[in-house]
Amino acid sequence: LKDVPSKITQESLCNTISTIHNELEKKFKIPSPKITVTGLNPHCGEDGEFGDEEIKVIKPAISKMQELGIAISGPIPSDTAFTPKEIKKTDCYLAMYHDQGLAPFKALTFGKGVNVTLGLPIIRTSVDHGTGLDIAGSTKIDSSSFFESIKLAISLAKNQY
């Protein structure tokens, strides 16, 4: 986690935002998708008090993408980004690191969520949980997310043609 701030650049954010936008339009058939970006620091850095990545890197990248016509907002503090009000106005979130986005996703959709990797030349979906080695071979397995991932992959494939 300590290495995350140095890995976030305006260029990498703009590339990621562009990929998200294009894939949501192409694969998910969402016209003008609304993307919400989380901040890196608690409370988005509180104007530099808790970090300045929002000021120096994240906000300029968002502004640049808005100038290109992408419907993107943020940065928004991650502790309020996933409230019902925010979820209603968001098609996709861009979190600054794995657990910042996956923790609320799993809390809200566990067992029915689908992990999708965007920007690949193939469709890649997977379950919303890990491998579950601790329950492999038992009767405790819930295959709901597995079947949801297959359904989504089929839908995405149909959308490409």
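Just so you know, all these numbers are worked out from the coordinates, no wet-lab data involved. Note that the structure is predicted; figures quoted are calculated from it, not measured. Because the Cβ atoms are built from the backbone with ideal geometry, glycine has one as well, and the counts that use them run over all protein chains shown.
Below is a table of values for the structure above.
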| read-out | value |
| --- | --- |
| Over the chain: helical MRE at 222 nm, DSSP H runs n ≥ 4 each giving -39500 (n - 2.57), nearest 500 | -11500 deg cm²/dmol |
| Formal net charge of residues neighbouring Pro75 (Cβ-Cβ distance under 11 Å; K, R +1; D, E -1) | -1 |
| Two-decimal ratio, the chain, of alpha-carbon radius of gyration to 2.2 N^0.38 Å | 1.12 |
| Exposed GluC sites (Glu not before Pro) absent: longest stretch of the chain, with sites in DSSP loops and at most 16 other Cβ within 10 Å deemed exposed | 50-161 |
| Local electrostatic count at Pro104 - Lys and Arg +1, Asp and Glu -1, tallied over other residues with Cβ under 11 Å | -2 |
| Longest exposed-site-free window of the chain, the sites being trypsin sites (Lys or Arg not before Pro) in a DSSP loop that have at most 14 other C-beta atoms within 10 Å | 30-88 |
| Listed residue pairs exceeding 23 Å between alpha carbons, taken from Lys29/Lys112; Lys88/Lys112; Lys64/Lys106; Lys56/Lys89; Lys29/Lys59 | Lys64/Lys106; Lys56/Lys89; Lys29/Lys59 |
